[in-house]
Amino acid sequence: MTERLDGAFFADPQEYYRRWRAEGPVRRVDFGDGLTRWIILGFEEGRAALADPRLVKDIDLFDAMLARKRGDAADPRTSAALRHMLNADPPAHTRLRKAVSKAFSARRVAALEPVIERTADELLTAMAQREDVDLLRAFAVPLPVSVICHLLDVEIDDQDTFREWTKALVGTLDPDADPARAYDEMVRFLRKMLQDKRENPGDDLLSVLVTDDDARLSEPELVGMALLLLVAGHETTVNLIGNGVLALMRDRGWWDRLRADPTLVPAAVEEFLRFDGPVDLSTPRFTNAPITVGDTVIAADEIVYVALAAANRDPRHYRDADLLDPAADHGGHLGFGHGIHFCVGAPLARLEARVAFTALLRRFPELRLAVDESELRWHPNVVIRGLTGLPVRPHG
């Protein structure tokens, strides 16, 4: 049986996952666009799928597969905008990932800690002047945006426009979104930015990519890589902070324990990633040969997602999977994926989250929701799991 996603899914995907999981580790789902997808729900099945070479990510092959299904031509504009390592398979993926991995070395990430701490302190100082504030707009968004722009040495003057681009580019189902306009506007921005780096190179990552003869990045690859770094470099951290803060405000016991003992914060960050992480479904893959998941055979040329959020609550893998418990041994989650596409920016996201939660707990011990939780809304997005806003009272 194929089930169609609706607005209720985004408010509480776990309710759907629990129901689907009772019927098996994989489910066929209609996204409402004329194409059905397979969603893998189980932890072991999802982990295996994330490393299965029969599940293809190459953007050109993906576009050709979609064209066959729809009976039309592939969209070269979309392919150019998305030509980055997350949409590539080896050997192209190996070359692209090697080109950026140096930016996320332990030494380089550690060197960003003073920048993150200073930025967090400035944002929280401004928050302290307010009785009511949207935590996302005031803190969770500008912190990682500032950090990734520092890392890449670029300026984003209009944060709201940048967020609109991001939401359109990560797979929103919002009927008001305009992905084509977002692609065009962001590609123009990125091409100008890369041209500036060619003319005035520095020691930032984008300058390295533009001037690196060994990487052999084409113009579409440079645009796609810059897009990936800017979007993925902040989007997951925004919602890791927002979702984690909401989880703690629901459980004041853990809020008080973490405030009393900040050494528990790194383990809490891992639990936030598992319990209600910033990525719901993985980015899509398609089968280039039949695969078997549980008792289900998925044919070739089928679109497949791994529901990271479902896998991370799989009761076959985690005891008390639906309970938030930073003290439990919930390691090895799939919050950052698995295999060759494991998030290259995971060390930076972890550092940003650790600094953010430590500073927030210290500065605002009485932080409370400013509205009833029933008023909160989640983005209608199959990939990103995040709130549209998080109104809080910093001083309780």
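Please enumerate the residues belonging to the range 211-229 that are more than 21 Å from Val109 (Cα to Cα) and of a type in the set (A, V, I, L, M).
Listed by number, the residues that qualify are Ala215, Leu217, Leu222, Val223.
Would you point out the residue of the range 340-362, among those that are out of contact with any His (no Cβ under 9 Å at 6 or more places or on another chain) and surrounded by fewer than 17 Cβ atoms within 10 Å (Cβ to Cβ), that is farthest from Pro114 (Cα to Cα)?
Taking the candidates together, the pick is Phe342.
Checking Thr166 against (1) surrounded by 20 or more Cβ atoms within 10 Å (Cβ to Cβ); (2) at pLDDT 80 or above; (3) among the β-branched types (Val, Ile, Thr): exactly one of these is not met. Which one?
For Thr166, the exception is condition (2).
Quick grid of which residues meet (1) at pLDDT 95 or above; (2) out of contact with any helix residue (DSSP H, G or I) (no Cβ under 9 Å at 6 or more places or on another chain); (3) of a type in the set (A, V, I, L, M, F, W, C):
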{"position": "Pro290", "(1), (2), (3)": "yes, yes, no"}
{"position": "Thr296", "(1), (2), (3)": "yes, yes, no"}
{"position": "Val304", "(1), (2), (3)": "yes, no, yes"}
{"position": "Ala327", "(1), (2), (3)": "no, no, yes"}
{"position": "His330", "(1), (2), (3)": "no, no, no"}
{"position": "Phe364", "(1), (2), (3)": "yes, no, yes"}
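Go through the residues of the range 78-85 one by one and say whether even a single one is under 23 Å from the mean Cα position of the chain (by Cα) and among the hydroxyl-bearing types (Ser, Thr, Tyr). Outline the logic, then answer.
Applying the first criterion (under 23 Å from the mean Cα position of the chain (by Cα)) to the range 78-85 yields 78-85.
Within this subset, residues satisfying the condition of being among the hydroxyl-bearing types (Ser, Thr, Tyr) are 78-79.
Yes, the range 78-85 contains a residue that is under 23 Å from the mean Cα position of the chain (by Cα) and among the hydroxyl-bearing types (Ser, Thr, Tyr).
For the range 99-120, how many residues meet the condition of being surrounded by 13 or more Cβ atoms within 10 Å (Cβ to Cβ) and not polar (S, T, N, Q)? Don't jump to the end; show me each part of the working.
At the first step, the residues of the range 99-120 found to be surrounded by 13 or more Cβ atoms within 10 Å (Cβ to Cβ) are 99-100, 103-104, 108-109, 112-113, 115-117, 119-120.
Adding the requirement that they be not polar (S, T, N, Q) leaves 99-100, 103-104, 108-109, 112-113, 115-117, 120.
Count: 12.
Have a look at Gly331, Gly396, Gly294 and point out the one that is surrounded by 13 or more Cβ atoms within 10 Å (Cβ to Cβ) and not aliphatic (A, V, I, L, M). Steps first, please.
Details: Gly331 fails: surrounded by 13 or more Cβ atoms within 10 Å (Cβ to Cβ); Gly396 fails: surrounded by 13 or more Cβ atoms within 10 Å (Cβ to Cβ).
Being surrounded by 13 or more Cβ atoms within 10 Å (Cβ to Cβ) and not aliphatic (A, V, I, L, M) holds for just one of Gly331, Gly396, Gly294, which is Gly294.
How about the range 342-396: which of its residues are part of a loop (DSSP other than H, G, I, E, B), among the acidic types (Asp, Glu) and without any contact (Cβ under 8 Å) to a residue 24 or more places away in the chain?
Let us first name the residues in the range 342-396 that are part of a loop (DSSP other than H, G, I, E, B), namely 342-345, 364-367, 370-372, 376-377, 379-380, 382-383, 385-386, 388-390, 394-396.
Imposing the further condition that a residue be among the acidic types (Asp, Glu) reduces the set to 366, 372.
Selection gives Asp372 alone.
The values are calculated or read from the model by the stated rules, or taken from the named source; none is laboratory data. The structure presented is a predicted model; accordingly, all values stated were derived computationally and were not measured. Glycine also receives a Cβ, built like all others from the backbone with ideal geometry; neighbour counts cover every protein chain displayed.
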